[in-house]
1. So between GLU16 and TYR74, what do we pick up on full extension, going 0.36 nm a residue minus the alpha carbon distance?
2. If all Cα-Cα distances of the stretch 7-91 are sorted into 10 Å bins from 0 onward, what percent lands in each bin, rounded to whole numbers?
3. Summing -39500 (n - 2.57) over the DSSP H runs of n ≥ 4 in the chain and dividing by its residue number, what mean residue ellipticity at 222 nm do you reach, to the nearest 500 deg cm²/dmol?
4. Give a quick list of trypsin sites (Lys or Arg not before Pro) in the stretch 1-70 that DSSP marks as loop, anything other than H, G, I, E or B, with at most 14 other Cβ atoms within 10 Å.
5. If the cut-off is a Cα-Cα distance under 30 Å, which lysines reach LYS12, setting aside same-chain residues fewer than 8 apart in sequence?
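What follows is calculated from the coordinates using simple rules that are stated; it is not laboratory data. Worth saying up front: this structure is predicted, and the values here are computed from it rather than measured. Counting neighbours? That spans all protein chains shown, and the Cβs are built from the backbone with ideal geometry, glycine included.
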Amino acid sequence: MSGKVTSTGVLKRLREQRAGELPALQARLKEQIRVTNEITRLLKDGPRTVPALAEAAGMPTQTVFWQLMALKKYGKVAEGEQDGDYFEYRLVGEEG
């Protein structure tokens, strides 16, 4: 063997080194999808504030807030009217 490093060999070694991280990553992704789906489901009933979504979903407000900001960044939700101290968020393309 010449000791030549191939990209296949590097990738294989990297996969072996990171194998223990995969289950945690998959769990985080699964939770993120669950949170996104729950927020989307709740917003189908009409606009809601972060505290209202958090209460309805049984999630911490910061979790709901960060997920809403990601959905907003990618054009899935938008800020609507202000309800007291909070903005209501709505699904883009949905009436309400």
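1. Fully extending the segment from GLU16 to TYR74 adds 17.5 nm.
2. Spelled out per bin, shortest first, that is 17, 40, 17, 14, 10, 1.
3. Rounded to the nearest 500, the figure is -18500 deg cm²/dmol.
4. LYS4, LYS44
5. The qualifying lysines are LYS4, LYS30.
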